[in-house]
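To start, the structure under review is shown below, and the notes come after it.
What follows is calculated from the coordinates using simple rules that are stated; it is not laboratory data. A quick note: this is a predicted structure, and the numbers were derived from the prediction, not measured. Counting neighbours? That spans all protein chains shown, and the Cβs are built from the backbone with ideal geometry, glycine included.
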């Protein structure tokens, strides 16, 4: 998931296009990468900030709800368990342990309404973009948004590789 080299070619192309479109909507790759660096500077994790926002010189990201440590720990465990996976499209509820599955489901219910909005400082640079934590929540299948994972859990190098990937 956070190893760009392990992704198959189709996934690399899709992720490149998604990242390119996102970067272009706020002024370019450098603006997006600068925002990512600003997010990585926030400790222990930008998602736990009380102000629910991070600013760089050229862009900002805001979200509508604080994420508490207990939910972040569960989310990090899910991401970590799939971090080296070549598969981007996995169901986070796949678990044999019912207690663990219930914790994940409670985390999903808590985080599902959160929406992230990324805007450039100067509106002439673009309209910005938004995304949610989860790509889809249907029946007993929950898929985490790869853009969310890339922004908050993957390295800046991962994003650079995705943005520079040649189709």
Cα-only Rg/Rh for segment 29-77 with Kirkwood Rh rounds to 1.00
The rounded separation in angstrom of the Cα centers of segment 1-66 and segment 119-167 is 6
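Using a Förster radius of 22 Å, what is the FRET efficiency between residue 124 and residue 30 based on their Cβ-Cβ separation? Nearest 0.05, please.
Approximately 0.90, to the nearest 0.05.
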Helix-only [θ] at 222 nm, the chain, -39500 (n - 2.57) per DSSP H run of 4+, per residue, nearest 500, equals -13500 deg cm²/dmol
Ranked on Cβ counts within 10 Å of their own Cβ, fewest leading, 26, 137, 92 go 137, 92, 26
So, relative contact order of segment 25-167 in percent, Cα under 8 Å, 6 or more apart, is 27
Plugging the Cβ-Cβ distance of residue 3 and residue 135 into 1/(1 + (r/R0)^6) at R0 = 30 Å yields, to the nearest 0.05, a FRET efficiency of 0.95
A chain fully extended from residue 43 to residue 95 at 0.36 nm per residue, minus the present Cα-Cα distance, gains in nm 15.7 nm
Taking N as the residue count of the chain, its alpha carbon Rg divided by 2.2 N^0.38 Å gives 1.02
In a Gaussian network model of the chain with springs linking alpha carbons closer than 10 Å, the residue among 58, 138, 157 that fluctuates most is 138
Per the Cα gyration tensor, segment 1-69 corresponds to an equivalent ellipsoid with semi-axes, largest first in Å, of 25, 16, 11
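With only alpha-carbon pairs counted, each pair once and no self-pairs, how large is the Kirkwood hydrodynamic radius of segment 83-167 in angstroms?
15.0
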